[in-house]
1. Picking from Ala21, Ala66, Ala37, which residue would you name as being among the hydrophobic types (A, V, I, L, M, F, W, C) and in contact with a Gly (Cβ under 8 Å, 6 or more places away or on another chain)?
2. Would you mention how many residues in region 220-252 are of a type outside the set (Lys, Arg) and within 16 Å of the ligand (Cβ to nearest atom)?
3. Here's a check for you: in region 166-182, which residue that is surrounded by 15 or more Cβ atoms within 10 Å (Cβ to Cβ) and within 11 Å of the ligand (Cβ to nearest atom) is farthest from Met237 (Cα to Cα)?
4. Show the residue pairs that are 6+ apart or on different chains and have beta-carbon atoms under 6 Å apart, the first residue being within region 247-271 and under 16 Å from Glu127 (Cβ atoms), the second being in a loop (DSSP other than H, G, I, E, B).
5. Could you tell me whether any residue of region 221-244 is among the aromatic types (Phe, Trp, Tyr) and either in a loop (DSSP other than H, G, I, E, B) or touching a Gly at 6+ places or on another chain (Cβ under 9 Å) (or both)?
6. Please go through region 204-219 and give me each residue that is charged (D, E, K, R) and either more than 8 Å from the ligand (Cβ to nearest atom) or free of Cβ contacts under 8 Å to residues at least 12 places away in the same chain (or both), ordered by number.
7. Which numbered condition trips up Asn166, out of (1) under 24 Å from Arg202 (Cβ atoms); (2) in contact (Cβ under 8 Å) with a residue 24 or more places away in the chain?
8. Looking only at region 186-202, which residues are on the phi > 0 side of the Ramachandran plot and within 13 Å of the ligand (Cβ to nearest atom)?
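The numbers here are math on the coordinates, done by the rules we state, and not lab data. Nothing here was measured: the structure is a model prediction, and the numbers come from that model. Every residue, glycine among them, receives a Cβ derived from its backbone with ideal geometry; neighbour counts consider all protein chains shown.
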Amino acid sequence: MERLQESNLPVNWQQLSSVIALQLVWQRHYEVITDDATGFQQVRFKPKQELAKATEGIESPYDIEARYRRRYEVNWTGYMVHLSETCDDDACHVITQVMTTPATVHEVNCTQEIHQALMDKGLIPSEHFVDSAYVDAHLLVEAQAQGITLVGPARPNVTWQTKTENAFDFTQFGVDWEQQKVVCPQGNQSISGSPLSDRNNRPIFKVNFSRSDCTDCPVRAQCTRAKLPAARSLLLMPQLQYEALKSARAIHASAEGQQRYKRRAGIEGTLSQGV
Ligand code: SF4
C-alpha cells in the first residue's frame, strides 16, 4: 500500500473497490511494527483475539458488505432479509415490506425501521406478528405509541431464578412505582435503589434489600445465590416497559395467545420459498 502511495500511477487507485477491500482486509489482519532504535519495520499477523468485531470483518473481497452470521444451527456469509406480509383470514397474503441488512445487524434493531417504512407507505398494521428476535420491552412500548400491537414471544429472562422451580424471579416481587419501592415474597421492602443504564444505554433501576432481612431469611436459597452477607438485589426496567413485557409474556403464555400467534406461520412459507 505504501508503494502504491509513493507511485505516480495515472489512475485514481484509492477509489478502486479492489484496493479498498484489500486495504480493509489488511488493516483487520495485519499490523506494521516499527523498531524504535533501528526503524526496521515488520508485519505482524494479528491473533484472533485482537481482531475487530465480526460486524466489521470483511468476509469476501468480492462483496465487502457481506458479513458472517450464525443463527441457531445456520451459518452463512452475506445478508439478512426481513419480509413483512399481510395475514388477513379473508384476503390473499401480500408482501408489504422487504428490508435487507448485513447479516450481523440483529433483528431487534430492525423492528422500528420496518414499522417506519410501513407507516411511510400507509400500510401500518394494527397487529404485527414477529418472531422473538424482533421483540423487546422498549419495542413493545414504541410500537404501542405508533398504534401497533407487537405480538411475539419476548425473549425469556435468563436469570437462574427463572429456570429453577420455586425460585423467586422478578415477577414474584411487588413494585410500588410511585414510591420506587419493591416488596419481596417474604413481605420485606427494598431499602435503597439507584438508576443505572443497561448495555444499550437505556435506563434501568437497581433495588436492594436489607442484609438483616435477607441473611436469616428462611427462603433465602430460593431467592439469591449472593455470598453472605450480601442481600438480594433486582434490576427493573422503567414502568411502561416492565408492564408491557410482563403483559406480553402473560398473553403469549395463554392458550388464546398461542392460538392467535399461529397467524404468523404463513410468513415462514414465504421465507422458505425465498430461500
Ligand atoms: S432473601 Fe431477602 S429479598 Fe429474598 S425473600 Fe428473603 S428477605 Fe425477601
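1. On the way: Ala21 fails: in contact with a Gly (Cβ under 8 Å, 6 or more places away or on another chain); Ala37 fails: in contact with a Gly (Cβ under 8 Å, 6 or more places away or on another chain).
Answer to the check: Ala66.
2. First pass over region 220-252, keeping only residues of a type outside the set (Lys, Arg): 221-224, 226, 228-231, 233-245, 247-248, 250-252.
Applying the additional criterion that residues be within 16 Å of the ligand (Cβ to nearest atom) yields 221-224, 226, 228-231, 233-236.
Looking only at that region, the number is 13.
3. Ala167
4. Matching pairs, first to second residue: Ala248/Ala154; His252/Pro153; Arg263/Cys87; Gly266/Cys87; Gly266/His93.
5. Restricting attention to region 221-244, the residues satisfying the condition of being among the aromatic types (Phe, Trp, Tyr) are 242.
Checking the rest, the ones that are also either in a loop (DSSP other than H, G, I, E, B) or touching a Gly at 6+ places or on another chain (Cβ under 9 Å) (or both) come to none.
No, region 221-244 has no match at all.
6. So in region 204-219, the residues charged (D, E, K, R) come out as 206, 211, 213, 216.
Residues satisfying the conditions are Lys206, Arg211, Asp216.
7. The one condition Asn166 does not meet is (1).
8. Restricting attention to region 186-202, the residues satisfying the condition of being on the phi > 0 side of the Ramachandran plot are 187, 201.
Matches in region 186-202: Gly187 only.
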